[in-house]
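The values are calculated or read from the model by the stated rules, or taken from the named source; none is laboratory data. Computed from a predicted structure; not experimentally measured. Quick reminder, even Gly has a Cβ in these numbers, built from the backbone with ideal geometry, and neighbours come from all protein chains shown.
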Amino acid sequence: MLSDEQLLRYSRQIMLPDVEINGQETWLNSSVLIIGLGGLGSPVAMYLAAAGIGELVLVDDDEVELSNLQRQIAHHSKRIGQPKVDSARNTIANLNPDTKVRTVYDRLSEEELSSLVATVDLVVDCTDNFSTRFSINRACFEHKKPLVSGAAIRMEGQVAVYDPLTPESPCYQCLYKEGSDENLTCSESGVLSPVVGIIGSVQALEALKVLASVGETLAGRLLLLDAKTMDWRTLKLRKDPKCPVCSGGSGEVESD
């Protein structure tokens, strides 16, 4: 049962026909794992907390640096040198003190990651490391947890939802083959600040939609942004029948 304060706090969401009281209660009872508290993880964590997710589990093994502050909006100058998970927890506490926060200031092993994924309802991948993304994907499909994946670099971004509970949904490894040499990072290639904000916001939106069954999610689709021209494209994804993770369809893509 929502308190009077919660009814007021979340009133603009509750009035939406697709959300109402039931949707808001679902979010308040949900737990979301966010891996990476940088440019993508910052808006994801802040919007999910503001929207009323009951518990956020934050994982990052890095500290706040001056070069982060151009885009990582959960942190600020006085927190340089602090663990990003602690900085993000303080930001969330100021946004919505009712959101419980668990932090993991460490680089998780495959086994630790799998154990942590098993404890939440949904995972948001905000990392910029391909090997970590493959590990997250495996853990999500092992425990049948929806995964919202995002990436942004230079003036480009992409978002997809990989949902083991949706039979036709491919997984991350259907799209990218493990061992591919595409591990570009913002520190090597640069990124325009609002691009990560846009992509992170879309990730947060997709997470909320998946949790409360709102609208149509990006499961089975890849959303691409070219910020230079402000063009959006959606590609349909097919499972790879030889995929070792989800054993699905072909990993091919076709335009909507």
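So the values come out like this:
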quantity	calculated
Matching residues in the range 36-65 - criterion: being free of Cβ contacts under 8 Å to residues at least 40 places away in the same chain and touching a Ser or Thr at 6+ places or on another chain (Cβ under 7 Å)	Val64
Scan of the range 221-246 for residues that are assigned to a loop (DSSP other than H, G, I, E, B) and either modelled with pLDDT under 95 or among the charged types (D, E, K, R) (or both), ordered by number	Lys228, Arg238, Lys239, Asp240, Pro241, Lys242, Cys243, Pro244, Val245, Cys246
Members of the range 1-27 that are in a loop (DSSP other than H, G, I, E, B), touching a Gly at 6+ places or on another chain (Cβ under 8 Å) and surrounded by 13 or more Cβ atoms within 10 Å (Cβ to Cβ)	Tyr10
Hits in the range 111-130 (condition: more than 17 Å from Leu56 (Cβ to Cβ) and part of a helix (DSSP H, G or I))	Glu111, Glu112, Ser114, Ser115, Phe130
Residue that is nearest to Thr26 (Cα to Cα), among those in the range 87-108 that are without any contact (Cβ under 8 Å) to a residue 40 or more places away in the chain and surrounded by fewer than 18 Cβ atoms within 10 Å (Cβ to Cβ)	Pro97
Of residues in the range 131-177 being hydrophobic (A, V, I, L, M, F, W, C) and in a loop (DSSP other than H, G, I, E, B), the one farthest from Glu216 (Cα to Cα)	Met155
Selected residue (criterion: farthest from His76 (Cα to Cα)) from residues of the range 31-46 that are in contact with a Gly (Cβ under 8 Å, 6 or more places away or on another chain) and assigned to a helix (DSSP H, G or I)	Val44
Any hit, the range 73-86, residues being closer than 30 Å to Arg138 by Cα, modelled with pLDDT of 95 or more, exposed (fewer than 14 other Cβ atoms within 10 Å of the Cβ) and out of contact with any Gly (no Cβ under 6 Å at 6 or more places or on another chain)	no
Candidates Lys145, Lys177, filtered to the one that is crowded, with 21+ Cβ neighbours inside 10 Å and of a type in the set (D, E, K, R)	Lys145
Hits in the range 153-169 (condition: under 12 Å from the mean Cα position of the chain (by Cα) and crowded, with 20+ Cβ neighbours inside 10 Å)	Val159, Ala160, Val161, Tyr162
